[in-house]
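Take a look at the structure set out below.
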């Protein structure tokens, strides 16, 4: 019986957070985002005490995490901002310039205070790009997919990716099949010709396997327990060696 491993490996898709970049938000980035949202609130005429604002900001993060974990929803930066405004009984038109500006500033904060690349990520991506088509399959957080692309570009890595499939653009997050299928379509490969690399068993490994892709878990930042992936790599060196040796 033929298996996914019998097909020639043509493409590698990679998760973004805690697979290429550390997912931790720096205090400076959080402070910059607070300032941006507080300015937005002032522009729409809302006076919110600092303590209340801090509570709302934390609550918006909890709600966004629920959208991701329970609804598998590909939410946007504006969605989270509008949820925060709704808690204050504030409604704004879809083309609200103040929300648009806040979205831009949230994106800018990611570039002003960028997360660290995981050890070996840059060299590993360059090595993989010599052998395979590459794509990003990533769930976006507060910053947009556009900002994540700018971060990759800033570090000289975007040119190595043929495609990106971000949850906010697809409308669904992993483990839903849509982000994976979007990447496969853009790469023009069949599921069995691609392997997905990510750090979360529930979203990356399970999601990839469900659409017929191969899956590798990358435990550089932490261990996620037992895995259904064909291998759990603990470094980019191990990942590249495994994929190149098997191609």
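Quick notes on this structure:
- Tally, over segment 32-58, of residues that are outside any loop (DSSP other than H, G, I, E, B) and touching a helix residue (DSSP H, G or I) at 6+ places or on another chain (Cβ under 7 Å): 11
- Qualifying residue in segment 67-86 (condition: in contact with a strand residue (DSSP E or B) (Cβ under 6 Å, 6 or more places away or on another chain), assigned to a helix (DSSP H, G or I) and farther than 30 Å from residue 237 by Cα): yes
- Annotation for segment 89-97: no member residue is surrounded by 16 or more Cβ atoms within 10 Å (Cβ to Cβ) and assigned to a helix (DSSP H, G or I).
- Condition check for residue 74: at pLDDT 95 or above and in the same structural domain as residue 14 (by TED's automatic domain parsing): no
- Filter result for residue 29 (surrounded by fewer than 16 Cβ atoms within 10 Å (Cβ to Cβ), in a helix (DSSP H, G or I) and on the phi < 0 side of the Ramachandran plot): no
- Per this entry, residue 142 is not counted among residues that are more than 29 Å from residue 83 (Cβ to Cβ), in contact with a helix residue (DSSP H, G or I) (Cβ under 8 Å, 6 or more places away or on another chain) and in the same structural domain as residue 240 (by TED's automatic domain parsing).
- Checking residue 142 against (1) under 21 Å from the mean Cα position of the chain (by Cα); (2) over 30 Å from residue 158 (Cα atoms); (3) outside any helix (DSSP H, G or I), the condition it does not meet: (2)
- Hits in segment 152-166 (condition: assigned to a helix (DSSP H, G or I) and either in contact with a helix residue (DSSP H, G or I) (Cβ under 6 Å, 6 or more places away or on another chain) or more than 19 Å from residue 107 (Cα to Cα) (or both)): 152, 158, 159, 160
- Single condition residue 123 does not satisfy, out of (1) in contact (Cβ under 8 Å) with a residue 60 or more places away in the chain; (2) buried (at least 19 other Cβ atoms within 10 Å of the Cβ); (3) part of a helix (DSSP H, G or I): (2)
- Condition met for residue 19 (modelled with pLDDT under 95, assigned to a loop (DSSP other than H, G, I, E, B) and either in contact with a strand residue (DSSP E or B) (Cβ under 9 Å, 6 or more places away or on another chain) or closer than 30 Å to residue 122 by Cα (or both)): no
- Flag for residue 225 being surrounded by fewer than 18 Cβ atoms within 10 Å (Cβ to Cβ), over 15 Å from the mean Cα position of the chain (by Cα), modelled with pLDDT under 95 and not in a strand (DSSP E or B): yes
- Residue satisfying condition, being more than 11 Å from residue 13 (Cβ to Cβ) and not assigned by TED's automatic domain parsing to the domain that holds residue 212, within set 153, 185, 105: 105
- Residue selection: residue 159 fails the criterion of being more than 29 Å from residue 8 (Cβ to Cβ) and either surrounded by fewer than 16 Cβ atoms within 10 Å (Cβ to Cβ) or not assigned by TED's automatic domain parsing to the domain that holds residue 205 (or both).
The values are calculated or read from the model by the stated rules, or taken from the named source; none is laboratory data. Here the structure is a predicted model, which means the values were calculated and not measured. Reconstructed Cβ throughout: ideal geometry from the backbone, glycine too, with neighbour counts over all protein chains shown.
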